[in-house]
Amino acid sequence: MGKKIKKEVEPPPKDVFDPLTIESKKAATVVLMLKSPEEDILAKACEAIYKFALKGEENKATLLELGAVEPLTKLLTHEDKTVRRNAMMIFGILASNKEVVIHEFASLCLANMSVEYTGKVQIFEHGGLEPLIRLLSSSDPDVKKNSIECIYNLVQDFQCRTTLQELNAIPPILELLRSEYPIIQLLALKTLGVITCDKEARTMLKENQGLDHLTKILETKELNDLHVEALSVIANCLEDMDTMVLMQQTGSLKKVLSFAENSTIPDIQKNAAKAIAKAAYDPENRKVFHEQEVEKCLVTLLGSDSDGTKIAASQAISAMCENLSCKEFFNTQGIPQIVQLLRSDNEEVREAAALALANLTTSSPANANAAAEADAIDPLINILSSKRDGAVANAATVLTNMATQEPLRAIIQNHEIMHALLGPLHSTNTLVQSTAALTVAATACDVEARTQLRNCGGLVPLVGLLHSKNDEVRRHASWAVMVCAGDEPMAVELCRLGALNILEEINRSLSRKNKFSEAAYNKLLNNNLSLKYSQTGYLSSSNIISDGFYDYGRINPGTKLLSLKELCLQELNDQRAILLVNNKSDTSPPPSMEDKSSDVGYGRSISSSSSLRRASKEKANAGFGSPTEEKSEPASGRNTVLSRAFTKEKGVSKKKSRLQLICSSYLLWKGKGKKEEEKVKEEEEILAVPKFTEGSPEKEWYPPPDPEFCVYVLEVTKSILPIVNLKEQIEVLAKYVADKMGGKIPKEKLADFSWELHISELKFQLKSNVVPIGYIKKGIFYHRALLFKALADKIGVGCSLVRGEYSRGWNEVKLVNEARKGMIGNLPPPEEYIVDLMFHPGNLLKLRSKEADLYRFL
């Protein structure tokens, strides 16, 4: 058999420490071992110390002198059970030494245990507060120190604070303020600073003359290390009006303010300002502070080198300026210093300064002017790009307060305020969103500012804020939209972005709607009358039709209304004609020579001979007679009524086209005295509608001109505007409109009035679904009502426009009864009438009469 080969023992790794056995005969060495991270060593060390302590009282004293208590205390919460058990056994032996020593080490154990939340709970549940309060009167300073430290840790919990008051702990804690040991005094002040957050504790402090103790500490220079904590306790006490009055009567308040103003220690100044800020939220306290001239103290603190003091002083000013007298004081002193802080490199300082300025300028035009004179606008606009939401919101509030004054608003607008508000409008913070929207509402009061907002893309986030679930954000966004909808282009753009649909949805909700959302909705419609009339079927007398208005017909709420340009670019269809009101015939540039070779539609080139000119020549062959004569020729399918202004002209050839004649007169009205050949040339150019090709975006688009409507406006202005009597004006205008739209139509012949064919012919001739109102010569109810409203608005005759069913439309006017005009006293309300434009043009039908109902609903 072979020999067994012995296995070689592998040497230990090089990075492992070789085991070392130590034999110690000194207690001091074993005490040091209590700080070892190794559990085995800790367990053995505790066991050795336990055996050593059992041998006698001297050994126990030696262990205390060697400082064994502190490391043993930490071992009470060790993870290893054996270590915890051995440490507790040692404390049991040590506690049998003397009562004072027991108190010292027991309180020290509790002080260390009270740092952790679980320890606090165990101490409180086992009734540890009461013996700890008793130990505050111990003769041993270490016991006092450990006990007050443990109490300080415990009172961080509200339940412990309540129990502490029930155990009448304030007197022994106040007694500790007389201790000769600063650490005990400091812990006592810190404990008072926590428990005086409760009103009951402040009352107990006052009843036990605690304020006197605190004031004496402030007056003692040698105790300057306690001044900060003493001020913190006083700050809590100042929240009570009774305490404030007491301190004022005893002169303590004056001493505190003087102390804060003259101190050179930043923390003292900061705490003093915090104390003022805390107390100043009570109106009665503000009154007392004002009587003590606290404003001077705060202005001094604004000049501190400490950012913390500047912040606290600014916050105190924010609270104090709720008092009107204080606000007036800071108008001359304080605002320039605060404006300086707006330029600080410290974001918190800028935020606090902006807050102070926001409160100072609220409902105070004088302070707003003072801030502007101190050059606050530029730094405020810079703060709008800050990363701190509070700073942005405060700066926006100041700018809003300033913008209530027109001169300051103009200066703010010149600083590109709309571009600066773009960031805040995109913020996710509701306070920033709310204040930014309010600033838009305050600054977008003129066309230039609104245009700037639109150009920089500010309308998109503003409209987005209408979706907010926050009531204030939604309210301020609605306000801003209402202001921005002050002119038609902006209203149209806001509607395109969906603002009208959102507001309509908001107003349907009882919980989400507000006065501003309703006002914004109405403002959008009132400045986009085309949309309003399509949605509501009603225009009031205050809704003045302007050039570019078009009647698309009825649409359902929420349905998008295409723009006039989009409608003009559509292909011809068989739907209802879109009626256009346009008094601007001279806006489009004359077409080039190449364009004249082809007929031009509204937005498309048509390679055929001019249908309009051909129709004009056909009309010319019929001659120009009176309205009666023309009505006797229904077979022509057209009404070629000649305006009075042109029938009076002599030497005009009857062979000349009627449209050419209208255009010639229009040019004469425009003051263009040219040769006959030039006039004819320009007439043709006016008849040619501006060319717009989709492939040529560089060419500006113009709405279709309406030279005949221009003549209507001229004639009505000359002949009807001078009439003094309103009723007569209405009657004459009604007859004029009826004449232009086919004259009087008896009820029995209404079905034979072939207006549909006439409109279809116009659409075909114009190669467009958009028909200018002046081109229509055979108009039904809604045609006539629109023309009446458009002309009445031009001469200042108030009337409404109402859409009915089945091609009905009518105008309502208000007139005061002539027989009652001379009555003394209050005049009766005006009566409402419907203007007859069809059956008996010029008749006024009482609104709630049978005749009016037949006119509207027959």
| request: Tell me, yes or no, whether region 400-409 has at least one residue that is more than 21 Å from A449 (Cα to Cα) and not hydrophobic (A, V, I, L, M, F, W, C). | output: no
| Are any of the residues in region 372-379 in contact (Cβ under 8 Å) with a residue 40 or more places away in the chain, surrounded by fewer than 24 Cβ atoms within 10 Å (Cβ to Cβ) and farther than 26 Å from C456 by Cα? | no
| Within the set of pairs 6 or more residues apart or between chains, which connect a residue that is in contact (Cβ under 8 Å) with a residue 40 or more places away in the chain inside region 149-173 to a residue that is basic (K, R) and open to solvent by less than 60 Å² (accessible area, probe 1.4 Å) with Cβ atoms less than 6 Å apart? | L154/K120; V155/R161
| Would you say Y152 is touching a Ser or Thr at 6+ places or on another chain (Cβ under 7 Å) and aromatic (F, W, Y)? | yes
| note | Exactly one of N811, N826, N817 is at pLDDT 95 or above and of a type in the set (S, T, N, Q), and that one is N811
| request: Select from region 101-123 the residues that are open to solvent by 60 Å² or more (accessible area, probe 1.4 Å) and either over 24 Å from A68 (Cα atoms) or touching a helix residue (DSSP H, G or I) at 6+ places or on another chain (Cβ under 7 Å) (or both) and list them in ascending order. | output: N112, M113, V115, Y117, T118, Q122
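Quickly run through region 237-257 and pick out the residues that are exposed (fewer than 13 other Cβ atoms within 10 Å of the Cβ) and within 42 Å of the chain's Cα centre (by Cα). Please lay out each step first, then the result.
Residues of region 237-257 exposed (fewer than 13 other Cβ atoms within 10 Å of the Cβ): 242, 249, 251.
Hit for region 237-257 is D242, nothing else.
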| So which residues in region 23-37 are at pLDDT 85 or above and in a loop (DSSP other than H, G, I, E, B)? | L34, K35, S36, P37
| query | Across region 258-289, which residue is most open to solvent (accessible area, probe 1.4 Å) among those that are within 16 Å of C321 (Cα to Cα) and part of a loop (DSSP other than H, G, I, E, B)? | reply | Y281
| If we only count helices (runs of 4 or more DSSP H) wholly inside region 205-255, which ones have 1 or more residues that are under 15 Å from L187 (Cα atoms)? | 210-219, 227-237
| query | When residues of region 290-332 are filtered for being more than 23 Å from D345 (Cβ to Cβ), assigned to a helix (DSSP H, G or I) and without any contact (Cβ under 8 Å) to a residue 40 or more places away in the chain, how many remain? | reply | 11
| field | All positions within region 75-91 that are within 20 Å of V143 (Cβ to Cβ) and either open to solvent by 50 Å² or more (accessible area, probe 1.4 Å) or among the β-branched types (V, I, T) (or both) | value | I90
| query | Which residues, counting only those in region 718-762, are assigned to a loop (DSSP other than H, G, I, E, B), in contact with a helix residue (DSSP H, G or I) (Cβ under 8 Å, 6 or more places away or on another chain) and open to solvent by less than 20 Å² (accessible area, probe 1.4 Å)? | reply | I720, M741, G742, G743
| query | Only one of I502, I544, I506, I578 is touching a helix residue (DSSP H, G or I) at 6+ places or on another chain (Cβ under 9 Å), open to solvent by 50 Å² or more (accessible area, probe 1.4 Å) and at pLDDT 90 or above; which? | reply | I544
| task | Tell me, yes or no, whether region 385-400 has at least one residue that is assigned to a helix (DSSP H, G or I), open to solvent by 10 Å² or more (accessible area, probe 1.4 Å), touching a helix residue (DSSP H, G or I) at 6+ places or on another chain (Cβ under 6 Å) and under 26 Å from E488 (Cα atoms). | result | yes
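Yes/no per residue for (1) charged (D, E, K, R); (2) touching a residue at least 60 places away in the same chain (Cβ under 8 Å):
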{"position": "V711", "(1), (2)": "no, yes"}
{"position": "K718", "(1), (2)": "yes, yes"}
{"position": "I730", "(1), (2)": "no, yes"}
{"position": "K744", "(1), (2)": "yes, yes"}
{"position": "E748", "(1), (2)": "yes, no"}
{"position": "L757", "(1), (2)": "no, yes"}
| field | Breaking point among (1) farther than 21 Å from G92 by Cβ; (2) in contact with a helix residue (DSSP H, G or I) (Cβ under 6 Å, 6 or more places away or on another chain); (3) open to solvent by 60 Å² or more (accessible area, probe 1.4 Å), for D142 | value | (1)
| From the list L164, L186, L192, L177, which one is assigned to a helix (DSSP H, G or I), among the hydrophobic types (A, V, I, L, M, F, W, C) and under 18 Å from G128 (Cα atoms)? | L164
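The values are calculated or read from the model by the stated rules, or taken from the named source; none is laboratory data. Just so it is clear, the model here is predicted, and its values are computed rather than measured. Backbone-built Cβ (ideal geometry, glycine too); neighbour counts: all protein chains shown. Surface accessibility is based on the protein's heavy atoms, side chains included, excluding ligands, DNA and RNA. Shrake-Rupley method; radii C 1.70, N 1.55, O 1.52, S 1.80 Å.
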